[in-house]
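Below: the structure, in structure tokens.
The values are calculated or read from the model by the stated rules, or taken from the named source; none is laboratory data. Just so it is clear, the model here is predicted, and its values are computed rather than measured. In this analysis, Cβ positions are derived from the backbone assuming ideal geometry, glycine residues included, and neighbour counts consider all displayed protein chains. SASA here: full protein model, heavy atoms, side chains in, ligands and nucleic acids out. Shrake-Rupley method; radii C 1.70, N 1.55, O 1.52, S 1.80 Å.
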Amino acid sequence: MLQRNHLSLPQSLLLIALGLAEFARGALIISLLPAYVTGPLGASLTIVGWALSSHYFLDTVFRGPAGWLVDHIGVPRVLTMGLAIECLSLIGAMNTKHPAMIIVFVALLGVGTATHWPAVVTGTNRLTEPERRASMMGLVFAAWLTGSGLGPVLINFVLGGRDRTAFLVLIAADVVAFAVTIWIADPRLIQVHHHQPKARHLWHTLWRFRWVIPGTFVQNMTLGLMLPILQPFTTRILHLSHLQFAELLLGSGAFTVLLLVPMGKITDRFGLRVPLVGGFFIAGIALLGIAFFRQFFELTIFGGILGLSYAMILPSWNAFLAGLIPKEIEGWLWGVFMTVEGLGMSVGPIVGTRLFSVRIWLPFVASAVILLIMGSFYASFPLKEKIQS
């Protein structure tokens, strides 16, 4: 057995594959796609909007089936299949000259990326002792945030008339991730469940999570509420420059990444309740501060506090879910949870823009109130008893 604080080779390979795949996805959808569509293809941003909506729709819809496949053919095969689809979609997007086909290929990319979370979370959970679940979840989210955060930033060094080169960089990242998944070999990851649970059993399992699934939806909806209004809020209302906006995002994101693993270890050592409940309350307070304070220094402080809160919530929440999920349907159930998360993220921007049109501070206050209510609920929720049941 490896030492307690060391990652095994299969765990490391799963994190590397996730980071590289999310690097390619983030670079494409945030930086390369808008530049390529409005530049060389000469199309409007409407094409970008349709492409992204199609991408996230298929990414959400296929997470459940991807989880089901994890249970039946194993983690490495599902990841390998997903990355193969991603490589093909990027090659297609790079070579097409028709704007409509960009929508098709970016949507197809969503089918491939739908495998990331059910496979990686199920795989790392199978390879991790129960007392280290939160620490491992911290590492998973750190790999995801690092990859998806660096992708949009680093690809800008390649853009500027070199769109084909930028596509080749992203394809290379996915090819390396594909190769990494081929090398993943552990009996626990290729363990499959041939027993088909009956529909009644699946419904009973979902009923056990009736107090958890709404929270999964709502906490991701609070993120979605703020996504479309962050940029106009900071540049038009606060009159911050694009550079200052980037500094706020990078600072808060980097702070979150740095704290994820320590917070995961604290959760493993002292339990779920304090970081989970405390994270919800701290996030609510930080969002209220962002809504009503206007100085750059103050916003930087509240942005850092918000990063701290999510570093507390993400490992503890997912460790809580990992302790509840039955092993025979873990891939499928992770897929269900992630589908619910995706639905929350898709509903959030619609609600957020409506609230923003009423009062500019309303999306932040609405998110804060939701998170404070969740914190109050889980303060009295029997977390330990639910895990042990």
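Below, the figures for the structure above:
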read-out	value
Some residue of segment 144-165 being of a type in the set (Phe, Trp, Tyr), assigned to a helix (DSSP H, G or I) and more than 17 Å from Leu15 (Cα to Cα)	yes
Test result for Leu240, open to solvent by less than 60 Å² (accessible area, probe 1.4 Å), over 19 Å from Val140 (Cα atoms) and not in a helix (DSSP H, G or I)	yes
Residue satisfying condition, being surrounded by 19 or more Cβ atoms within 10 Å (Cβ to Cβ) and modelled with pLDDT of 90 or more, within set Phe302, Phe356, Phe320	Phe302
Filtered residues of segment 12-41 (kept if open to solvent by 60 Å² or more (accessible area, probe 1.4 Å) and touching a residue at least 12 places away in the same chain (Cβ under 8 Å))	Ile16, Ile30, Pro40
Considering residues of segment 267-298 that are of a type in the set (Val, Ile, Thr) and surrounded by fewer than 20 Cβ atoms within 10 Å (Cβ to Cβ) only, the residue nearest to Pro363 (Cα to Cα)	Ile285
Hits in segment 146-175 - residues which are over 20 Å from the mean Cα position of the chain (by Cα) and surrounded by fewer than 17 Cβ atoms within 10 Å (Cβ to Cβ)	Asn156, Phe157, Leu159, Gly160, Gly161, Arg162, Arg164, Thr165, Leu168, Ala172
Residue within segment 218-230 that is surrounded by 12 or more Cβ atoms within 10 Å (Cβ to Cβ), out of contact with any helix residue (DSSP H, G or I) (no Cβ under 9 Å at 6 or more places or on another chain), β-branched (Val, Ile, Thr) and at pLDDT 80 or above present	no
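Conditions (1) of a type in the set (Val, Ile, Thr); (2) crowded, with 24+ Cβ neighbours inside 10 Å, marked per residue:
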{"residue": "Glu86", "(1), (2)": "no, yes"}
{"residue": "Thr96", "(1), (2)": "yes, no"}
{"residue": "Ala100", "(1), (2)": "no, no"}
{"residue": "Gly110", "(1), (2)": "no, yes"}
{"residue": "Leu127", "(1), (2)": "no, no"}
{"residue": "Ala134", "(1), (2)": "no, yes"}
{"residue": "Met137", "(1), (2)": "no, yes"}
